[in-house]
Amino acid sequence: MRVLLSNKFYYRRGGDCIYTMELERLLKSKGHEVAIFAMDYPENQSSEWSRYWPSNMSVVKAFSRPFGDSEVRRKFSALLDDFKPDVVHLNNIHTQLSPVIAEIAHDRGIRVVWTLHDSKLVCPCYTCMRDGKWCTECFTDKKAVVKHRCMPGSLPGAVVGYLEAKKWNKERLQKSCDLFLPPSQFMADTCIQGGYDADKFRVLCNFIDIKKVENPSFEKSDYYVYLGRLTKVKGIETLCRVAAELPYKLVVIGGGELEPELRSKYGNANIEFLGQQKWEEFRPVLEGARFMVIPSEWSENNPLTVIESLALGTPVLGANIGGIPELIEPGVSGMTFESGDQKDLKNKIERMWNASFDYEAISMSAQSRYSSDKYVEQIVDIYNI
């Protein structure tokens, strides 16, 4: 089968990028032919398909690219002409590429499926969050993004976000996409609440390459771990405040805008900051932790960090928000706490520290549930419908 994968970036920037690149590798390992359509970006990995990629964003393009500019149309059409895909599989494409590529493929009679890594289909600013709280105002009135200036760039950004949402409305997107693939039931429910047809959705959870997590050690040390970006919405500030009051060691893996501030403020507490690390570097740290905490204060979709942790046999304490609770079996593979609630987080960390878990059973269950081999069978079946 010939599969064209599209994502706005082509390097390990975030979950959408990692998913796209891992799926490319997985499909190729099963004998399928794969092409990539992305935006040309300095940090992208090299690709034989990069000659088809539209140029990087500029100030001018920020006001034209979200609506499907001529360069995207021309280069995507050329790639379709030369590669002749059986299916186009979209990921994060808004703004830097735009949903015009879905329409172009659909108009040629090519099957189009779309993995939803965020709530952009119903929320111009991707998150359904405003002032730290869940917001659905844009589900019925897209002008709310202008009223509240939710987009980066304040008023100009909000206006572009509003116009983008109006152009790529649910009627237009549903017409050009055969099937939406949210990785969590939470994301499916969010889009359906926003007016989309439930029959257009098939929940397909993220996967993990079993080779990455094979032969884990179930020997745990006296620390727990945070793995992720150091940004406000990830809840890392709340976690550090709580951790500083507890006698247990917290190891923080990841970088981000809050890293200098957090290192300065909590560097002398029982918190160790390891910075950004590659899988080979942080796997033994995650593997040896008594548990992992994902303290998100925004509605995460289907975080890969949870799947990675469970596959290594490390239980997870997760915020009860978004799709996180779908991945955790309370008392078996971890616990949940009220997002943003320091008292509840502190209580649950203490409970997790003193709880007993069957680490091997957690690993075996997760590896079976999130196996890449199982996933590729499911995705190819969807391609063939």
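Out of all the residues in the stretch 281-289, is one or more among the charged types (D, E, K, R), buried (at least 17 other Cβ atoms within 10 Å of the Cβ), in contact (Cβ under 8 Å) with a residue 60 or more places away in the chain and not in a loop (DSSP other than H, G, I, E, B)? Yes, the stretch 281-289 has at least one match. For the stretch 356-385, the set of residues classified as surrounded by 15 or more Cβ atoms within 10 Å (Cβ to Cβ), among the small types (Gly, Ala, Ser) and within 22 Å of ALA319 (Cα to Cα) consists of SER363, SER365, ALA366, listed by residue number.
Residues in the stretch 124-145 that are over 19 Å from ILE321 (Cα atoms) and part of a loop (DSSP other than H, G, I, E, B): PRO124, THR140, ASP141, LYS142, LYS143.
So, of the residues in the stretch 161-188 that are in a helix (DSSP H, G or I), of a type in the set (A, V, I, L, M) and under 19 Å from the mean Cα position of the chain (by Cα), which turns out to be surrounded by the fewest Cβ atoms within 10 Å (Cβ to Cβ)? Residue satisfying both the conditions and the ranking: ALA188.
Checked against the criterion of being touching a strand residue (DSSP E or B) at 6+ places or on another chain (Cβ under 6 Å) and not in a loop (DSSP other than H, G, I, E, B), the stretch 346-361 has at least one qualifying residue. Among the criteria (1) surrounded by 15 or more Cβ atoms within 10 Å (Cβ to Cβ); (2) assigned by TED's automatic domain parsing to the domain that holds LEU23; (3) over 19 Å from the mean Cα position of the chain (by Cα), the one PHE218 does not fulfil is (2). Of all residues in the stretch 231-253, how many are at pLDDT 95 or above, outside any helix (DSSP H, G or I) and closer than 23 Å to TRP298 by Cα? Residues in the stretch 231-253 being at pLDDT 95 or above, outside any helix (DSSP H, G or I) and closer than 23 Å to TRP298 by Cα: 6 in total. Checked across the stretch 290-299, the condition of being more than 18 Å from the chain's Cα centre (by Cα), loosely packed, with under 15 Cβ neighbours inside 10 Å and in the same structural domain as PRO260 (by TED's automatic domain parsing) holds for no residue. A Cβ distance below 6 Å, combined with a sequence gap of six or more or placement on separate chains, defines the contacts here; from the stretch 207-222, residues that are hydrophobic (A, V, I, L, M, F, W, C) reach residues that are exposed (fewer than 12 other Cβ atoms within 10 Å of the Cβ) in the pairs PHE218/GLU360.
Against the conditions (1) under 20 Å from the mean Cα position of the chain (by Cα); (2) more than 16 Å from LEU179 (Cα to Cα); (3) at pLDDT 95 or above, CYS123 satisfies every one except (3). Filtering the stretch 189-200 to residues that are assigned to a helix (DSSP H, G or I) and without any contact (Cβ under 8 Å) to a residue 60 or more places away in the chain leaves ASP189, ILE192, ALA198, ASP199, LYS200. Of the residues making up the stretch 146-160, none is modelled with pLDDT of 95 or more and either among the basic types (Lys, Arg) or assigned to a helix (DSSP H, G or I) (or both).
The values are calculated or read from the model by the stated rules, or taken from the named source; none is laboratory data. Note that the coordinates shown come from a computational prediction; the quantities given were computed from them, not determined experimentally. Methodologically, a virtual Cβ is constructed for each residue, glycine included, from the backbone with ideal geometry; neighbour enumeration extends over all protein chains shown.
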